[in-house]
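The values are calculated or read from the model by the stated rules, or taken from the named source; none is laboratory data. A quick note: this is a predicted structure, and the numbers were derived from the prediction, not measured. Please note: Cβ atoms are built from the backbone with ideal geometry, for glycine as well, and neighbour counts cover all protein chains shown.
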Amino acid sequence: MIGITALVPPEVLYASGKRPLDLNNLVPESKINPREKLCAWTAIWRELVIHGGLDLEGLVVVAGGDCHNAIVDGEKVELSGLPTCYFLYPFDGSPQLLEAQLEDLVEFLGGIKERSRFEIVRALKKRALALDKRRVRGEVAASDGFLLQVSTSDMLGSLEAYEERLGRMEASDETVEFKHRIALLGVPPIYPDLHAFLQSLGLHVVYDEMPYEFIRLTGSSLSGISRSYAGYTFAGKIQRRLGFIEKELKRRRVDAVIHFQQFACHHRLEDPIMRERLNRGLGYPYLGIEGDMPSKLPEQVKLRLEAFAERLGD
Amino acid sequence: MEIMGLDVGSRAAKSALLVGRKWSWGVADIMAWRDLLSSGAEVVATGYFRKKVPHTLVVTEITAAIHGVRHFIRGDVDAIVDIGAQDTKVIDLATGEFMMNDKCSAGTGAFLEFLAGYFGLGMEELQEYHFRAGRTAEINNTCAVFAQSEVVSRLVEGYTREEVIKGIHHAFARRIGQLIPQDADRVAFIGGVVKNRGVIDAFEKELGIRALVPREPQVVNAVGALEYYMARRGGPP
């Protein structure tokens, strides 16, 4: 298994004959209390890799354009002896630079072995996109839709298991009752019960910003993957990202926006820019919430969410 | 029928009771919230423990504060600042947006309580010291822990207790001021902490705003919870 610390094209990992493990997916349920930390996500995956007994043969650290704290925590992992590769998204969104990064990644992984898997992963993502549309229509619960999207980063470490989950969701027949359509912007929440709590307030999350990137970006060749992933909004300039968000808010007929921010994450600094454009500029009701260590939703955060729901009204 | 607004916060419980046209209110320690109950009255609960007390209806402190301020203050209000023991909430009434500080004690009542304890004073004495100060000691840190070491440094430098307390009030106002909308002019201050007029003086001087303090700042949310209930029902009980 190859550990990944943020979005690394699963197309490339699977085509290289490797099973990816997105370490972030282990964090929300983790009980680790890391000694040195800024961001809990990176500190906890660092501890999990160094002391957690995971059976990893290597680690790919996304060290540029997305998560800045990952660089030092990745180096600490490397110092512990695990082969580590640093993968950087170009800030300017250049597909050429990204393709060079992908070539280095492929070399780290030992070369492409099963090219057909590019297409297999792409087809699975297409099905996830169809489920995303159903979620917007209120036919898929937000918590289920979120979990599917967020686990697309590593596809559960098994394309068969991922396809089975897709199949189960495709077969389910659900109607979600809700009052308002919500966009959840920012990094995925460190609180595992956020989507379910919002649902209990009648707030249906129809857009999970970062997880949607996981199902949206794909390609069937290295250059195609480079072109697509060069548009990874989280890795580039905030204005490009906001332009993308704005289209999604319209397309999904979103009523209000919640921006989740992780303590000590550089993306927190983007909040005033996002608030200015989306709230003051476009008039979307806007709530910022923050998380630090993994836990169930604290009362203080619940209070903010309930007050936000009261504000949106019936 | 009697209706009670009950605000059970992290430190104190506050009640507002309306019988006919007559309002009455009470304040009790958090552990003694039951003493405030009136037999037979329906309860509209707010505050952190709102769901833990018997209630007919619950409402968050944010919504309760908006209704409560309207009850006490006539005319336009641009923003509400609710300073509690454990957190501070700022509501922008022009946009309906709200911000909360609950991660850092520097902008909450807990910080002033620490300061009072450090000088061996009661919270109610801080205002007296504030207005007796000749100068304002400069306290720059926005972190309560670092501000504490600054307090010691200023005292060593020769500032008086009065001047340090005034300096802390100003640092407190600057800290919370970061959450207040920049274009706000008329700002309502509520919560037990704002009974300290030294804090209000610091806010007005630091931010150049007009501070509006209701005559019972601590019970505004309890009154607001009750007003919220009546607004939903379309009139008094």
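Regarding A:Arg304, is this residue within 12 Å of chain B (Cβ to nearest Cβ), on the phi < 0 side of the Ramachandran plot, crowded, with 20+ Cβ neighbours inside 10 Å and not in a loop (DSSP other than H, G, I, E, B)?
So A:Arg304 fits the description; yes.
Need the failing condition index for A:Ile289 against (1) within 22 Å of B:Cys104 (Cα to Cα); (2) within 14 Å of chain B (Cβ to nearest Cβ); (3) in a helix (DSSP H, G or I), just the number.
Evaluating A:Ile289 over (1) within 22 Å of B:Cys104 (Cα to Cα); (2) within 14 Å of chain B (Cβ to nearest Cβ); (3) in a helix (DSSP H, G or I) leaves (3) as the failure.
Would you mind stating whether A:Glu310 is touching a residue at least 24 places away in the same chain (Cβ under 8 Å) and either of a type outside the set (Phe, Trp, Tyr) or within 12 Å of another protein chain (Cβ to nearest Cβ) (or both)?
Judged against the criteria, A:Glu310 is not a match.
What are the pairs, 6+ residues apart or on separate chains, where a residue within the range A:254-270 that is without any contact (Cβ under 8 Å) to a residue 24 or more places away in the chain has its Cβ under 8 Å from a residue that is buried (at least 17 other Cβ atoms within 10 Å of the Cβ)?
If the second residue must be buried (at least 17 other Cβ atoms within 10 Å of the Cβ), the pairs left are A:Arg268/A:Gln261; A:Arg268/A:Gln262; A:Arg268/A:Glu290.
Which residue, of B:Asp29, B:Asp78, is of a type in the set (D, E, K, R), surrounded by fewer than 22 Cβ atoms within 10 Å (Cβ to Cβ) and within 23 Å of A:Tyr286 (Cβ to Cβ)?
Exactly one of B:Asp29, B:Asp78 is of a type in the set (D, E, K, R), surrounded by fewer than 22 Cβ atoms within 10 Å (Cβ to Cβ) and within 23 Å of A:Tyr286 (Cβ to Cβ), namely B:Asp78.
Taking the stated definitions as given, is A:Asp154 of a type outside the set (Val, Ile, Thr) and touching a helix residue (DSSP H, G or I) at 6+ places or on another chain (Cβ under 7 Å)?
It is true that A:Asp154 is of a type outside the set (Val, Ile, Thr) and touching a helix residue (DSSP H, G or I) at 6+ places or on another chain (Cβ under 7 Å).
Being polar (S, T, N, Q) and within 14 Å of chain A (Cβ to nearest Cβ) is the filter here; which residues of the range B:95-154 pass it?
Matches in the range B:95-154: B:Thr95, B:Asn101, B:Ser105, B:Thr108.
Is it fair to say A:Glu270 is surrounded by fewer than 20 Cβ atoms within 10 Å (Cβ to Cβ) and within 12 Å of another protein chain (Cβ to nearest Cβ)?
The answer is no for A:Glu270.
Just for the range B:31-49: of the residues that are within 14 Å of chain A (Cβ to nearest Cβ) and outside any strand (DSSP E or B), which one is nearest to B:Met230 (Cα to Cα)?
B:Gly47
One residue is enough: does the range A:164-183 have a residue meeting the conditions modelled with pLDDT of 95 or more, out of contact with any helix residue (DSSP H, G or I) (no Cβ under 7 Å at 6 or more places or on another chain) and closer than 30 Å to A:Val106 by Cβ?
Yes, some residue in the range A:164-183 is modelled with pLDDT of 95 or more, out of contact with any helix residue (DSSP H, G or I) (no Cβ under 7 Å at 6 or more places or on another chain) and closer than 30 Å to A:Val106 by Cβ.
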